[in-house]
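The values are calculated or read from the model by the stated rules, or taken from the named source; none is laboratory data. This is a predicted model, so every value here is computed, not measured. All Cβ positions, even for glycine, are placed from backbone atoms using ideal geometry, and neighbour counts span all protein chains on display. Side chains are part of the model used for accessible areas, which takes the heavy atoms of the whole protein and leaves out ligands, DNA and RNA. Shrake-Rupley method; radii C 1.70, N 1.55, O 1.52, S 1.80 Å.
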Amino acid sequence: MSAPLLLIVEDEAAIRELVAFVCEAEGFRTSRAGSIAEARAAYAAERPDLVLLDRMLPDRSGLDWLKELRSSPATAKLPVILLTARGDESDRVTGLDAGADDYIVKPFLPRELAARVRAVLRRHDSGTAAAPQAEETENVIVCGPLRLNEARFEATADGVPLKLSAKEFKLLTLFAARPGRVFSRANLLDQVWPSAFVDERTVDVHMLRLRKALAGTAAEDLIETVRGVGYRCRDVNQQTGSGE
């Protein structure tokens, strides 16, 4: 089997060559692009196994292309790591919400870059292996007024559609599937951001956004904060049973 192919999309030639050198030294193959237009051509020539994508590119934002990739069935699961100089927490959250599998801030350590590429590829390979079985049935989770269809990426509260980002949907799915269980911030990081180097503040930011998405719906009071521990979804079924 040939080594994984990495598409490096970076407009600064010196950085592009450095990333390519680091990746090739670790045994990966590389193709390179300095713009979104060049990246599309490179992708058409040979589909990469992973994309290392800069946010700021001359023709379009890397985030715009990432959103396009995630919206197409052919590329929805293509691993993408954002490689950018913008390292503020809000920038990280925006990048991960757009669908990035990881977020690396320049300047980076070569060994760390290689390790995180391998981590994302491992996670993707394990997910791909399980995909044929997952496609046979649609996993629908019901918790009180919530109904979540993972295969269709659909969430409703009493039949009213919820507008959720990918990470918010994943968080809500975890809570709804295990009502009453308390998830610590570390638990949520492991399950929602398994290979991304983000801290616990990222969890709190996404939980705030999730609560805003649920506000005004039949599910607005389902998610609870457990002081000093983490978060949980109220066990609606248990409460209903105890009152009968």
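Every residue, every condition in (1) touching a Pro at 6+ places or on another chain (Cβ under 6 Å); (2) modelled with pLDDT under 85; (3) open to solvent by 40 Å² or more (accessible area, probe 1.4 Å); (4) of a type in the set (Ser, Thr, Tyr), yes or no:
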| site | (1), (2), (3), (4) |
| --- | --- |
| Leu109 | no, no, yes, no |
| Glu112 | no, no, yes, no |
| Thr137 | no, yes, yes, yes |
| Leu146 | no, no, no, no |
| Glu150 | no, yes, yes, no |
| Glu168 | no, no, no, no |
| Arg181 | no, no, yes, no |
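Yes or no, residue by residue, for (1) over 14 Å from Ala176 (Cβ atoms); (2) among the aromatic types (Phe, Trp, Tyr); (3) at pLDDT 85 or above:
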residue: Arg201; (1), (2), (3): yes, no, no
residue: Val205; (1), (2), (3): yes, no, yes
residue: Lys212; (1), (2), (3): yes, no, yes
residue: Ala215; (1), (2), (3): yes, no, yes
residue: Thr225; (1), (2), (3): yes, no, yes
residue: Cys233; (1), (2), (3): no, no, yes
residue: Gly241; (1), (2), (3): yes, no, no
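Residues that are more than 26 Å from Val93 (Cα to Cα), among the β-branched types (Val, Ile, Thr) and at pLDDT 90 or above do occur in the range 25-35, at least one of them. Restricted to the range 70-87, and to residues there that are small (Gly, Ala, Ser) and farther than 25 Å from Leu210 by Cβ, the residue that is surrounded by the most Cβ atoms within 10 Å (Cβ to Cβ) is Ala85. A residue that is modelled with pLDDT under 80, acidic (Asp, Glu), open to solvent by 70 Å² or more (accessible area, probe 1.4 Å) and on the phi < 0 side of the Ramachandran plot can be found somewhere in the range 122-130. The residues of the range 44-76 that are over 23 Å from Leu113 (Cα atoms) and not acidic (Asp, Glu), listed by number, are Ala44, Ala45, Pro58, Arg60, Ser71, Ser72, Pro73, Ala74. Scanning the range 46-69 for residues that are more than 21 Å from the chain's Cα centre (by Cα) and within 23 Å of Val22 (Cα to Cα), we see that the one that is least open to solvent (accessible area, probe 1.4 Å) is Leu57.
Just one of the numbered conditions (1) of a type outside the set (S, T, N, Q); (2) in contact with a strand residue (DSSP E or B) (Cβ under 8 Å, 6 or more places away or on another chain); (3) modelled with pLDDT of 80 or more is not true of Arg86: (3). Candidates are the residues of the range 88-107 that are free of Cβ contacts under 8 Å to residues at least 60 places away in the same chain, in a loop (DSSP other than H, G, I, E, B) and open to solvent by 30 Å² or more (accessible area, probe 1.4 Å); the one that is farthest from Val192 (Cα to Cα) is Pro107.
Within the option set Ala20, Ala39, being of a type in the set (A, V, I, L, M) and either part of a loop (DSSP other than H, G, I, E, B) or out of contact with any helix residue (DSSP H, G or I) (no Cβ under 9 Å at 6 or more places or on another chain) (or both) holds for one residue only, Ala20.
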